[in-house]
1. How far apart, in nm, are two points set 7 Å out from the Cα along the Cα-to-Cβ line at N261 and at A122?
2. So with the 1.4 Å probe, I'd like the accessible area per residue for the chain, rounded to whole Å².
3. Applying a 10 Å radius around every beta-carbon, put 362-369, 448-455 in order of their mean neighbour count, most first.
4. For Q178, which sequence-distant residues (separation of 5 or more, or a different chain) have an amide H within less than 5 Å of its own amide H, given hydrogens modelled in the peptide plane?
5. To check you understand DSSP bridge types, tell me what percent of the beta bridges within the chain (both residues inside) are antiparallel, rounded to 5.
6. Taking the convex hull of the alpha carbon atoms in segment 65-117, what volume per residue do you get, in Å³?
7. Report Rg(Cα)/(2.2 N^0.38 Å) for segment 432-542, keeping two decimals.
8. I'd like the Karplus ³J(HN,Hα) series for segment 197-206: coefficients 6.51, -1.76, 1.60, θ = phi - 60°, whole numbers in Hz, and an x wherever there's a Gly or Pro.
Amino acid sequence: MKTLSRIAGTMTCALALATAAQAATPLKADPVGPNGPFKHVVVIYQENHSFDNLYGGWGAVGGKEVNGRPNITPDKSTQLKESGKPYNCLYQNDVNLTSPPLPSSCKDNAVGLSYTSNFGNAPFRIDSVIPSSATTCPPPGVFATHGLANGTGITGGCTEDIVHRYYTEIYQIDKGKQDHYVTGSDASGLSMGYYDTTLLPIFSFLHANGAPNYVIADNFFQGAFGGSFLNHQWLIAAASPVFPSAVNDGSSQDLHSVVDNNGMAATTPLYANKLGSAAVDAQMTASCSPPAGRAKTPAGVTCGDFIVNTTQPFFQPYSPGTPDYKRAPLQTNLTIGDRLNEAGVTWAWYSGGWSNADGEKGKPGWTNGATKADGCTDPNVLPTAVWPNCPDKTFQFHHQPFAYFANYRPGTVARATHLRDEAEFIQRAQQGKLPQVSFVKPLGIDNEHPGYASETTGSSHLVDLINDVMNGPDGANTLIIVTYDEFGGQWDHVSPPGTPGGPAGPHDKWGPGTRIPALLVSKAFKFSSVDHIEHDTTSVMGTLEHLYGLAPVGTRDAQGHDLSGAINLGLSNGL
(Lines give C-alpha, C1' and ligand atoms only; values in the text may rest on other atoms or scores of the structure.)
Protein backbone atom coordinates (compact mmCIF):
# COMPACT_ATOMS: atom_id res chain seq x y z
CA MET A 1 0.00 0.00 0.00
CA LYS A 2 1.10 3.57 -0.65
CA THR A 3 1.62 5.91 2.27
CA LEU A 4 -0.43 9.06 2.76
CA SER A 5 2.61 11.28 2.29
CA ARG A 6 3.38 9.75 -1.11
CA ILE A 7 -0.13 10.08 -2.46
CA ALA A 8 -1.15 13.35 -0.84
CA GLY A 9 -0.51 15.59 -3.84
CA THR A 10 -2.32 13.58 -6.49
CA MET A 11 -5.13 12.51 -4.21
CA THR A 12 -5.92 15.96 -2.89
CA CYS A 13 -6.16 17.47 -6.36
CA ALA A 14 -8.54 14.74 -7.39
CA LEU A 15 -10.67 15.14 -4.28
CA ALA A 16 -10.84 18.90 -4.68
CA LEU A 17 -12.45 18.37 -8.06
CA ALA A 18 -14.78 15.61 -6.93
CA THR A 19 -18.42 16.47 -6.55
CA ALA A 20 -20.26 15.69 -3.34
CA ALA A 21 -22.20 13.04 -5.25
CA GLN A 22 -19.04 11.00 -5.82
CA ALA A 23 -17.67 8.66 -3.22
CA ALA A 24 -14.16 9.64 -2.20
CA THR A 25 -11.30 7.64 -3.62
CA PRO A 26 -10.45 5.02 -1.00
CA LEU A 27 -7.63 6.14 1.22
CA LYS A 28 -4.63 4.00 0.25
CA ALA A 29 -2.22 4.07 3.16
CA ASP A 30 -0.26 1.87 5.50
CA PRO A 31 -0.86 3.52 8.89
CA VAL A 32 1.41 1.06 10.70
CA GLY A 33 4.25 0.89 8.20
CA PRO A 34 7.59 2.62 8.84
CA ASN A 35 6.84 5.33 6.28
CA GLY A 36 3.18 5.89 7.19
CA PRO A 37 2.38 9.23 8.80
CA PHE A 38 -0.19 7.74 11.19
CA LYS A 39 0.44 4.77 13.42
CA HIS A 40 -2.50 5.72 15.63
CA VAL A 41 -5.99 7.14 15.12
CA VAL A 42 -7.87 8.71 18.04
CA VAL A 43 -11.60 9.47 17.68
CA ILE A 44 -12.95 11.81 20.37
CA TYR A 45 -16.75 11.73 20.42
CA GLN A 46 -18.34 14.77 22.08
CA GLU A 47 -22.00 15.57 22.73
CA ASN A 48 -24.97 17.42 21.33
CA HIS A 49 -24.15 20.53 19.32
CA SER A 50 -25.00 21.60 15.80
CA PHE A 51 -22.29 23.18 13.67
CA ASP A 52 -23.83 26.66 13.70
CA ASN A 53 -24.42 26.44 17.45
CA LEU A 54 -20.75 25.83 18.22
CA TYR A 55 -18.49 26.42 15.19
CA GLY A 56 -20.62 28.86 13.17
CA GLY A 57 -18.32 31.78 13.99
CA TRP A 58 -15.04 30.00 13.16
CA GLY A 59 -14.19 32.36 10.30
CA ALA A 60 -11.46 31.55 7.76
CA VAL A 61 -8.80 28.86 7.96
CA GLY A 62 -5.83 28.87 5.60
CA GLY A 63 -7.55 31.44 3.42
CA LYS A 64 -10.72 29.34 3.08
CA GLU A 65 -13.98 30.52 4.63
CA VAL A 66 -15.87 28.19 6.93
CA ASN A 67 -19.56 27.90 6.04
CA GLY A 68 -20.94 29.45 9.20
CA ARG A 69 -23.20 32.20 10.41
CA PRO A 70 -22.10 34.83 7.83
CA ASN A 71 -23.71 32.59 5.19
CA ILE A 72 -27.08 32.33 6.92
CA THR A 73 -30.02 33.60 4.89
CA PRO A 74 -33.50 34.46 6.20
CA ASP A 75 -35.11 31.63 4.26
CA LYS A 76 -33.16 29.11 6.36
CA SER A 77 -33.22 30.92 9.72
CA THR A 78 -36.81 32.18 9.96
CA GLN A 79 -38.76 29.75 12.08
CA LEU A 80 -42.39 28.92 11.27
CA LYS A 81 -45.33 28.18 13.48
CA GLU A 82 -47.31 25.00 13.09
CA SER A 83 -49.70 27.09 10.97
CA GLY A 84 -46.89 27.93 8.54
CA LYS A 85 -46.69 31.59 9.55
CA PRO A 86 -43.39 33.03 10.85
CA TYR A 87 -42.98 33.79 14.53
CA ASN A 88 -42.80 37.42 15.54
CA CYS A 89 -40.43 36.47 18.37
CA LEU A 90 -39.03 33.37 20.03
CA TYR A 91 -40.80 31.80 22.97
CA GLN A 92 -38.29 30.94 25.70
CA ASN A 93 -38.72 28.66 28.72
CA ASP A 94 -35.15 28.38 30.00
CA VAL A 95 -35.43 30.23 33.31
CA ASN A 96 -32.55 32.53 32.37
CA LEU A 97 -34.00 33.49 28.98
CA THR A 98 -37.63 34.22 29.86
CA SER A 99 -39.12 37.71 30.21
CA PRO A 100 -38.78 38.40 33.11
CA PRO A 101 -35.96 38.26 34.16
CA LEU A 102 -35.01 39.62 30.73
CA PRO A 103 -36.81 42.68 29.36
CA SER A 104 -39.47 42.02 26.74
CA SER A 105 -39.18 43.56 23.30
CA CYS A 106 -41.98 41.80 21.43
CA LYS A 107 -45.18 39.79 21.82
CA ASP A 108 -46.46 36.71 20.04
CA ASN A 109 -48.81 33.77 20.35
CA ALA A 110 -49.07 30.25 19.01
CA VAL A 111 -51.38 27.25 19.69
CA GLY A 112 -53.17 29.24 22.38
CA LEU A 113 -49.98 30.37 24.12
CA SER A 114 -49.46 34.13 24.43
CA TYR A 115 -46.00 35.31 25.46
CA THR A 116 -43.52 38.16 25.52
CA SER A 117 -39.88 37.75 24.59
CA ASN A 118 -36.53 39.50 24.36
CA PHE A 119 -35.62 37.51 21.24
CA GLY A 120 -36.72 38.14 17.67
CA ASN A 121 -37.20 35.37 15.14
CA ALA A 122 -33.48 34.89 14.47
CA PRO A 123 -30.40 33.13 15.84
CA PHE A 124 -29.09 34.67 19.06
CA ARG A 125 -25.93 34.40 21.13
CA ILE A 126 -26.45 32.29 24.27
CA ASP A 127 -23.32 33.33 26.11
CA SER A 128 -24.18 37.01 25.93
CA VAL A 129 -27.02 36.18 28.34
CA ILE A 130 -25.67 33.05 30.06
CA PRO A 131 -21.87 33.45 30.13
CA SER A 132 -19.51 30.69 31.20
CA SER A 133 -19.20 32.44 34.57
CA ALA A 134 -22.94 32.08 35.28
CA THR A 135 -23.85 29.74 38.14
CA THR A 136 -26.53 27.91 36.18
CA CYS A 137 -25.18 24.33 36.06
CA PRO A 138 -26.96 21.64 38.09
CA PRO A 139 -24.98 19.62 40.63
CA PRO A 140 -24.05 16.17 39.24
CA GLY A 141 -27.10 13.93 39.09
CA VAL A 142 -29.60 16.79 39.30
CA PHE A 143 -31.96 17.38 36.35
CA ALA A 144 -33.55 20.79 35.96
CA THR A 145 -36.22 20.69 33.24
CA HIS A 146 -35.82 24.34 32.27
CA GLY A 147 -32.41 25.04 33.77
CA LEU A 148 -31.35 26.62 37.04
CA ALA A 149 -31.62 30.36 37.65
CA ASN A 150 -28.28 32.15 37.78
CA GLY A 151 -27.05 32.13 41.36
CA THR A 152 -28.66 28.82 42.30
CA GLY A 153 -26.35 26.35 40.58
CA ILE A 154 -22.68 25.64 39.82
CA THR A 155 -20.45 27.84 37.67
CA GLY A 156 -20.31 26.90 34.00
CA GLY A 157 -23.03 28.71 32.06
CA CYS A 158 -25.32 25.71 31.50
CA THR A 159 -28.66 25.95 29.70
CA GLU A 160 -31.59 23.59 29.89
CA ASP A 161 -31.44 20.40 27.84
CA ILE A 162 -33.17 20.35 24.44
CA VAL A 163 -35.15 17.47 22.95
CA HIS A 164 -33.29 15.45 20.30
CA ARG A 165 -35.31 12.45 19.15
CA TYR A 166 -35.78 10.58 15.91
CA TYR A 167 -39.21 11.69 14.68
CA THR A 168 -38.86 15.17 16.16
CA GLU A 169 -35.72 15.96 14.18
CA ILE A 170 -37.27 14.82 10.91
CA TYR A 171 -40.12 17.25 11.58
CA GLN A 172 -37.71 20.04 12.54
CA ILE A 173 -35.64 19.70 9.38
CA ASP A 174 -38.88 19.99 7.38
CA LYS A 175 -37.54 18.54 4.12
CA GLY A 176 -34.45 20.75 4.22
CA LYS A 177 -36.22 24.02 4.94
CA GLN A 178 -34.77 24.03 8.49
CA ASP A 179 -37.77 26.03 9.73
CA HIS A 180 -39.45 23.86 12.40
CA TYR A 181 -36.68 23.60 14.99
CA VAL A 182 -38.47 25.96 17.37
CA THR A 183 -41.94 24.47 16.89
CA GLY A 184 -40.71 20.91 17.36
CA SER A 185 -38.61 21.65 20.44
CA ASP A 186 -39.49 21.33 24.11
CA ALA A 187 -37.04 24.20 24.70
CA SER A 188 -38.60 26.28 21.89
CA GLY A 189 -36.48 29.38 21.20
CA LEU A 190 -33.31 28.01 22.79
CA SER A 191 -32.91 25.81 19.73
CA MET A 192 -31.87 28.96 17.82
CA GLY A 193 -29.05 29.85 20.23
CA TYR A 194 -25.33 29.78 19.47
CA TYR A 195 -22.03 30.36 21.26
CA ASP A 196 -19.29 32.85 20.42
CA THR A 197 -16.96 30.39 18.71
CA THR A 198 -13.90 32.53 19.40
CA LEU A 199 -14.41 32.17 23.17
CA LEU A 200 -14.40 28.37 23.11
CA PRO A 201 -11.30 26.77 24.69
CA ILE A 202 -10.83 24.55 21.60
CA PHE A 203 -10.78 27.63 19.34
CA SER A 204 -8.30 29.44 21.59
CA PHE A 205 -6.09 26.35 21.73
CA LEU A 206 -5.96 25.91 17.95
CA HIS A 207 -5.19 29.62 17.40
CA ALA A 208 -2.47 29.98 20.02
CA ASN A 209 1.23 30.27 19.20
CA GLY A 210 2.69 26.84 18.57
CA ALA A 211 -0.71 25.23 18.07
CA PRO A 212 -0.95 22.14 15.85
CA ASN A 213 -2.34 22.44 12.36
CA TYR A 214 -5.90 21.27 11.87
CA VAL A 215 -8.62 20.81 9.27
CA ILE A 216 -12.21 21.76 10.04
CA ALA A 217 -14.91 19.82 8.14
CA ASP A 218 -17.85 22.17 7.61
CA ASN A 219 -20.11 19.80 5.68
CA PHE A 220 -20.31 16.98 8.25
CA PHE A 221 -23.73 15.64 9.33
CA GLN A 222 -24.89 13.35 12.11
CA GLY A 223 -25.34 9.85 10.73
CA ALA A 224 -28.92 9.29 11.89
CA PHE A 225 -31.84 11.48 12.86
CA GLY A 226 -32.39 11.83 16.58
CA GLY A 227 -30.26 11.45 19.65
CA SER A 228 -27.12 10.11 21.23
CA PHE A 229 -28.16 6.45 21.55
CA LEU A 230 -28.87 6.01 17.84
CA ASN A 231 -25.86 7.98 16.61
CA HIS A 232 -23.46 6.02 18.81
CA GLN A 233 -24.83 2.92 17.09
CA TRP A 234 -24.25 4.48 13.69
CA LEU A 235 -20.69 5.46 14.63
CA ILE A 236 -19.70 1.82 15.15
CA ALA A 237 -22.24 -0.18 13.09
CA ALA A 238 -23.77 2.15 10.45
CA ALA A 239 -27.15 0.63 11.27
CA SER A 240 -30.13 1.07 13.56
CA PRO A 241 -30.55 -1.60 16.26
CA VAL A 242 -33.49 -3.98 16.14
CA PHE A 243 -35.83 -5.42 18.76
CA PRO A 244 -36.81 -8.89 17.44
CA SER A 245 -40.34 -10.04 18.26
CA ALA A 246 -41.14 -6.74 19.93
CA VAL A 247 -44.47 -6.48 21.76
CA ASN A 248 -47.07 -4.92 19.46
CA ASP A 249 -50.30 -4.91 21.45
CA GLY A 250 -50.68 -1.34 22.68
CA SER A 251 -49.91 -2.34 26.26
CA SER A 252 -47.49 -0.64 28.64
CA GLN A 253 -44.78 -3.00 27.37
CA ASP A 254 -45.34 -1.97 23.74
CA LEU A 255 -42.36 0.29 23.01
CA HIS A 256 -43.48 1.45 19.55
CA SER A 257 -44.04 5.14 18.95
CA VAL A 258 -47.37 6.48 17.70
CA VAL A 259 -47.18 9.46 15.34
CA ASP A 260 -49.66 11.92 13.88
CA ASN A 261 -50.08 12.85 10.22
CA ASN A 262 -47.01 15.14 10.44
CA GLY A 263 -44.91 12.25 11.67
CA MET A 264 -44.67 13.81 15.12
CA ALA A 265 -44.75 11.60 18.20
CA ALA A 266 -44.56 14.44 20.71
CA THR A 267 -46.41 17.53 21.86
CA THR A 268 -44.34 20.64 22.56
CA PRO A 269 -45.14 24.12 23.91
CA LEU A 270 -45.66 25.28 20.32
CA TYR A 271 -46.88 22.08 18.65
CA ALA A 272 -50.28 20.55 19.34
CA ASN A 273 -50.03 16.91 18.33
CA LYS A 274 -52.98 15.88 16.15
CA LEU A 275 -53.42 12.71 18.20
CA GLY A 276 -53.37 14.49 21.54
CA SER A 277 -52.57 12.12 24.38
CA ALA A 278 -52.78 9.15 22.01
CA ALA A 279 -49.41 10.12 20.52
CA VAL A 280 -46.51 8.15 21.97
CA ASP A 281 -42.85 9.19 21.72
CA ALA A 282 -41.31 5.87 22.74
CA GLN A 283 -38.06 3.96 22.33
CA MET A 284 -38.91 2.34 19.00
CA THR A 285 -40.16 3.33 15.58
CA ALA A 286 -43.89 3.25 14.96
CA SER A 287 -45.44 -0.12 14.24
CA CYS A 288 -46.04 -0.94 10.58
CA SER A 289 -49.26 -2.65 11.69
CA PRO A 290 -50.49 -0.97 14.88
CA PRO A 291 -52.92 -2.94 17.05
CA ALA A 292 -56.54 -1.94 17.48
CA GLY A 293 -56.83 1.21 19.50
CA ARG A 294 -53.68 2.79 18.11
CA ALA A 295 -53.60 5.21 15.19
CA LYS A 296 -52.51 3.93 11.80
CA THR A 297 -48.93 4.85 10.94
CA PRO A 298 -48.99 7.35 8.05
CA ALA A 299 -47.51 6.35 4.71
CA GLY A 300 -43.88 7.36 4.33
CA VAL A 301 -43.15 7.26 8.07
CA THR A 302 -40.38 4.87 9.08
CA CYS A 303 -41.91 1.90 10.85
CA GLY A 304 -40.92 -1.49 12.21
CA ASP A 305 -39.13 -2.98 15.19
CA PHE A 306 -36.18 -0.59 15.26
CA ILE A 307 -34.82 1.06 18.42
CA VAL A 308 -34.28 4.76 17.75
CA ASN A 309 -34.51 6.61 21.07
CA THR A 310 -32.60 6.19 24.32
CA THR A 311 -32.69 2.56 25.44
CA GLN A 312 -30.59 0.85 28.11
CA PRO A 313 -28.31 -2.11 27.30
CA PHE A 314 -29.52 -5.51 28.45
CA PHE A 315 -26.55 -6.30 30.68
CA GLN A 316 -24.77 -4.16 33.25
CA PRO A 317 -23.95 -1.38 33.28
CA TYR A 318 -27.45 -0.01 32.76
CA SER A 319 -29.52 2.57 34.62
CA PRO A 320 -30.44 0.90 37.94
CA GLY A 321 -34.03 -0.26 38.10
CA THR A 322 -34.65 -0.45 34.34
CA PRO A 323 -36.99 -3.44 33.77
CA ASP A 324 -35.99 -6.22 31.39
CA TYR A 325 -38.60 -5.36 28.76
CA LYS A 326 -37.22 -1.85 28.36
CA ARG A 327 -33.62 -2.98 27.79
CA ALA A 328 -32.34 -3.67 24.30
CA PRO A 329 -31.78 -7.28 23.25
CA LEU A 330 -28.17 -8.08 22.37
CA GLN A 331 -27.38 -7.01 18.82
CA THR A 332 -25.66 -9.44 16.44
CA ASN A 333 -24.82 -7.33 13.39
CA LEU A 334 -21.24 -6.37 12.54
CA THR A 335 -19.39 -3.41 14.05
CA ILE A 336 -16.18 -1.64 13.16
CA GLY A 337 -14.69 -3.38 16.21
CA ASP A 338 -15.32 -6.76 14.60
CA ARG A 339 -13.64 -5.62 11.38
CA LEU A 340 -10.62 -4.32 13.29
CA ASN A 341 -10.38 -7.61 15.17
CA GLU A 342 -10.46 -9.59 11.93
CA ALA A 343 -7.50 -7.58 10.65
CA GLY A 344 -5.53 -7.81 13.90
CA VAL A 345 -5.71 -4.06 14.48
CA THR A 346 -5.42 -3.09 18.14
CA TRP A 347 -8.22 -0.86 19.44
CA ALA A 348 -10.31 0.13 22.44
CA TRP A 349 -13.37 2.16 23.40
CA TYR A 350 -12.24 4.36 26.30
CA SER A 351 -15.16 5.77 28.29
CA GLY A 352 -15.05 8.15 31.22
CA GLY A 353 -16.35 6.33 34.30
CA TRP A 354 -16.36 2.88 32.69
CA SER A 355 -14.39 1.03 35.36
CA ASN A 356 -16.73 2.23 38.10
CA ALA A 357 -19.88 1.53 36.10
CA ASP A 358 -18.82 -1.92 34.91
CA GLY A 359 -17.39 -3.01 38.25
CA GLU A 360 -13.80 -3.21 36.98
CA LYS A 361 -12.28 -3.30 40.46
CA GLY A 362 -8.72 -2.01 40.66
CA LYS A 363 -8.51 -1.07 36.97
CA PRO A 364 -7.58 2.47 35.84
CA GLY A 365 -10.46 4.77 36.72
CA TRP A 366 -11.77 2.64 39.62
CA THR A 367 -12.46 4.89 42.62
CA ASN A 368 -14.67 2.70 44.83
CA GLY A 369 -14.29 0.06 47.52
CA ALA A 370 -12.33 -3.13 46.90
CA THR A 371 -15.00 -5.42 48.41
CA LYS A 372 -18.76 -5.61 48.72
CA ALA A 373 -18.41 -4.70 52.37
CA ASP A 374 -16.59 -1.52 51.35
CA GLY A 375 -19.31 -0.68 48.83
CA CYS A 376 -19.54 2.22 46.39
CA THR A 377 -17.45 4.80 48.23
CA ASP A 378 -16.95 7.47 45.56
CA PRO A 379 -18.91 10.60 46.64
CA ASN A 380 -20.11 11.11 43.04
CA VAL A 381 -21.62 7.63 42.73
CA LEU A 382 -25.23 7.26 41.57
CA PRO A 383 -27.29 6.86 44.78
CA THR A 384 -29.12 3.78 43.46
CA ALA A 385 -25.90 1.97 42.51
CA VAL A 386 -25.22 -1.54 43.83
CA TRP A 387 -21.58 -2.61 44.21
CA PRO A 388 -19.60 -3.58 42.18
CA ASN A 389 -21.47 -1.52 39.56
CA CYS A 390 -20.81 1.96 40.93
CA PRO A 391 -21.56 4.42 38.08
CA ASP A 392 -20.87 8.12 38.45
CA LYS A 393 -23.93 10.38 38.67
CA THR A 394 -23.20 11.70 35.16
CA PHE A 395 -22.25 8.36 33.56
CA GLN A 396 -24.34 7.87 30.42
CA PHE A 397 -25.17 4.18 29.94
CA HIS A 398 -26.49 4.67 26.40
CA HIS A 399 -23.16 6.19 25.29
CA GLN A 400 -21.48 2.76 25.39
CA PRO A 401 -22.44 1.31 21.98
CA PHE A 402 -20.32 -1.85 22.01
CA ALA A 403 -22.01 -2.92 25.25
CA TYR A 404 -25.19 -3.54 23.21
CA PHE A 405 -23.56 -6.27 21.09
CA ALA A 406 -23.34 -10.00 21.77
CA ASN A 407 -19.68 -10.08 20.79
CA TYR A 408 -18.88 -7.74 23.72
CA ARG A 409 -21.25 -9.12 26.35
CA PRO A 410 -20.01 -9.53 29.94
CA GLY A 411 -17.53 -12.35 30.42
CA THR A 412 -16.07 -12.24 26.91
CA VAL A 413 -12.41 -11.66 26.19
CA ALA A 414 -13.43 -9.05 23.62
CA ARG A 415 -15.20 -6.97 26.26
CA ALA A 416 -12.29 -7.14 28.68
CA THR A 417 -9.84 -6.25 25.93
CA HIS A 418 -11.70 -3.46 24.15
CA LEU A 419 -14.05 -1.72 26.62
CA ARG A 420 -11.84 0.36 28.87
CA ASP A 421 -11.80 3.53 30.97
CA GLU A 422 -10.83 7.01 29.76
CA ALA A 423 -8.31 7.14 32.63
CA GLU A 424 -6.41 4.31 30.94
CA PHE A 425 -6.44 6.18 27.62
CA ILE A 426 -4.86 9.20 29.28
CA GLN A 427 -2.19 6.99 30.84
CA ARG A 428 -1.45 5.29 27.53
CA ALA A 429 -1.31 8.59 25.66
CA GLN A 430 1.15 10.01 28.16
CA GLN A 431 3.26 6.84 28.13
CA GLY A 432 3.28 6.29 24.36
CA LYS A 433 1.31 3.05 24.53
CA LEU A 434 -1.78 3.88 22.46
CA PRO A 435 -3.44 1.11 20.44
CA GLN A 436 -3.75 1.65 16.72
CA VAL A 437 -7.34 2.92 17.09
CA SER A 438 -8.83 4.64 20.15
CA PHE A 439 -12.41 5.79 20.60
CA VAL A 440 -12.67 8.25 23.51
CA LYS A 441 -15.98 9.07 25.23
CA PRO A 442 -15.74 11.57 28.10
CA LEU A 443 -17.83 11.25 31.24
CA GLY A 444 -21.08 13.22 31.20
CA ILE A 445 -19.79 16.18 33.17
CA ASP A 446 -16.99 16.62 30.58
CA ASN A 447 -18.83 15.93 27.32
CA GLU A 448 -20.43 19.36 26.52
CA HIS A 449 -24.02 18.05 26.67
CA PRO A 450 -26.52 20.89 27.31
CA GLY A 451 -28.53 20.49 30.49
CA TYR A 452 -26.06 18.65 32.67
CA ALA A 453 -22.63 19.79 31.40
CA SER A 454 -20.87 23.11 30.95
CA GLU A 455 -19.84 23.90 27.39
CA THR A 456 -16.66 25.59 28.57
CA THR A 457 -15.72 22.74 30.90
CA GLY A 458 -16.30 20.16 28.17
CA SER A 459 -14.32 22.11 25.59
CA SER A 460 -11.45 22.49 28.09
CA HIS A 461 -11.51 18.72 28.68
CA LEU A 462 -11.34 18.20 24.92
CA VAL A 463 -8.22 20.38 24.77
CA ASP A 464 -6.70 18.37 27.61
CA LEU A 465 -7.30 15.10 25.74
CA ILE A 466 -5.71 16.48 22.57
CA ASN A 467 -2.73 17.70 24.57
CA ASP A 468 -2.37 14.32 26.26
CA VAL A 469 -1.94 12.78 22.81
CA MET A 470 0.09 15.54 21.16
CA ASN A 471 2.54 15.86 24.05
CA GLY A 472 2.96 12.12 24.46
CA PRO A 473 5.47 9.85 22.72
CA ASP A 474 2.85 8.87 20.10
CA GLY A 475 1.92 12.49 19.30
CA ALA A 476 4.00 12.82 16.13
CA ASN A 477 2.29 9.92 14.35
CA THR A 478 -1.30 10.17 15.60
CA LEU A 479 -4.36 11.46 13.75
CA ILE A 480 -7.03 12.92 16.05
CA ILE A 481 -10.62 13.10 14.78
CA VAL A 482 -13.01 15.18 16.89
CA THR A 483 -16.73 15.16 16.22
CA TYR A 484 -20.07 15.21 18.04
CA ASP A 485 -22.72 12.54 18.21
CA GLU A 486 -25.65 14.75 17.17
CA PHE A 487 -27.17 18.23 17.11
CA GLY A 488 -28.59 18.30 20.61
CA GLY A 489 -31.86 19.85 19.34
CA GLN A 490 -30.09 22.92 17.95
CA TRP A 491 -30.77 24.53 14.60
CA ASP A 492 -28.33 24.65 11.68
CA HIS A 493 -28.75 26.48 8.39
CA VAL A 494 -27.37 23.77 6.06
CA SER A 495 -29.88 21.27 4.67
CA PRO A 496 -28.82 17.61 5.10
CA PRO A 497 -28.18 15.24 2.18
CA GLY A 498 -31.38 13.82 0.77
CA THR A 499 -33.33 17.07 1.17
CA PRO A 500 -33.88 19.87 -1.36
CA GLY A 501 -30.93 22.25 -1.15
CA GLY A 502 -28.76 19.78 0.68
CA PRO A 503 -25.46 18.41 -0.66
CA ALA A 504 -25.48 15.25 -2.72
CA GLY A 505 -24.47 12.21 -0.73
CA PRO A 506 -25.76 8.84 0.48
CA HIS A 507 -28.92 9.01 2.54
CA ASP A 508 -31.79 6.82 3.65
CA LYS A 509 -34.72 6.74 6.06
CA TRP A 510 -32.31 6.98 8.99
CA GLY A 511 -30.46 10.12 7.95
CA PRO A 512 -28.13 11.94 7.74
CA GLY A 513 -29.51 14.55 10.08
CA THR A 514 -28.42 18.02 11.16
CA ARG A 515 -24.86 19.29 10.47
CA ILE A 516 -22.45 18.85 13.39
CA PRO A 517 -18.90 20.02 14.21
CA ALA A 518 -15.87 18.02 13.07
CA LEU A 519 -12.12 18.63 13.31
CA LEU A 520 -8.98 16.72 12.38
CA VAL A 521 -5.80 17.55 14.29
CA SER A 522 -2.29 16.16 13.85
CA LYS A 523 1.33 17.07 14.40
CA ALA A 524 1.93 15.56 10.96
CA PHE A 525 -0.23 18.24 9.34
CA LYS A 526 1.78 20.95 7.61
CA PHE A 527 -1.23 23.15 6.92
CA SER A 528 -4.55 24.21 8.45
CA SER A 529 -7.52 24.26 6.11
CA VAL A 530 -11.27 23.74 5.56
CA ASP A 531 -12.74 20.59 4.05
CA HIS A 532 -16.02 21.29 2.23
CA ILE A 533 -16.68 17.68 1.12
CA GLU A 534 -19.92 16.14 2.38
CA HIS A 535 -19.49 13.69 5.27
CA ASP A 536 -21.57 12.05 7.95
CA THR A 537 -20.81 10.06 11.11
CA THR A 538 -20.13 6.91 9.09
CA SER A 539 -17.22 8.71 7.38
CA VAL A 540 -15.20 7.98 10.52
CA MET A 541 -15.79 4.28 10.02
CA GLY A 542 -15.07 4.60 6.30
CA THR A 543 -11.74 6.26 7.06
CA LEU A 544 -10.71 3.41 9.37
CA GLU A 545 -11.81 0.88 6.76
CA HIS A 546 -9.70 2.50 4.07
CA LEU A 547 -6.69 3.08 6.31
CA TYR A 548 -6.58 -0.54 7.48
CA GLY A 549 -7.90 -2.29 4.38
CA LEU A 550 -11.15 -3.44 5.98
CA ALA A 551 -14.37 -4.48 4.26
CA PRO A 552 -17.29 -2.08 4.83
CA VAL A 553 -19.55 -2.71 7.80
CA GLY A 554 -22.71 -1.28 6.25
CA THR A 555 -24.09 0.49 3.21
CA ARG A 556 -23.52 4.12 4.20
CA ASP A 557 -19.84 3.72 5.10
CA ALA A 558 -19.33 1.86 1.81
CA GLN A 559 -20.96 4.59 -0.28
CA GLY A 560 -19.90 7.80 1.44
CA HIS A 561 -16.79 9.94 1.53
CA ASP A 562 -14.05 9.00 3.93
CA LEU A 563 -11.95 11.78 5.47
CA SER A 564 -9.06 11.41 3.03
CA GLY A 565 -9.77 14.82 1.53
CA ALA A 566 -9.43 16.49 4.91
CA ILE A 567 -6.31 14.47 5.76
CA ASN A 568 -4.61 15.36 2.52
CA LEU A 569 -5.46 19.04 2.95
CA GLY A 570 -3.56 18.92 6.22
CA LEU A 571 -0.63 17.12 4.64
CA SER A 572 -0.35 18.98 1.34
CA ASN A 573 -2.85 21.88 1.33
CA GLY A 574 -4.20 20.70 -2.02
CA LEU A 575 -0.84 20.86 -3.80
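1. 3.6
2. Numbers: 20130 Å² over 575 residues.
Per-residue accessible area for the chain comes out at 35 Å².
3. Details: 362-369: 16.9, 448-455: 25.0.
Output ranking for 362-369, 448-455: 448-455, 362-369.
4. Those qualifying (amide H under 5 Å, at least 5 residues apart or on another chain) number zero.
5. Working: 27 of 58 bridges.
For the chain, the DSSP antiparallel bridge percentage is about 45.
6. Details: hull volume 6.1 nm³, N = 53.
Convex hull of Cα atoms, per residue: 116 Å³.
7. Working: Rg = 15.9 Å, N = 111, 2.2 N^0.38 = 13.2 Å.
Normalised Cα radius of gyration, segment 432-542: 1.21.
8. 3, 5, 9, 6, x, 5, 5, 4, 4, 6
The values are calculated or read from the model by the stated rules, or taken from the named source; none is laboratory data. As the structure is a prediction and not an experimental result, all values here were calculated from the model. Every residue, glycine among them, receives a Cβ derived from its backbone with ideal geometry; neighbour counts consider all protein chains shown. In case anyone asks, the SASA skips ligands and DNA or RNA and just uses the protein heavy atoms, side chains included. Shrake-Rupley method; radii C 1.70, N 1.55, O 1.52, S 1.80 Å.
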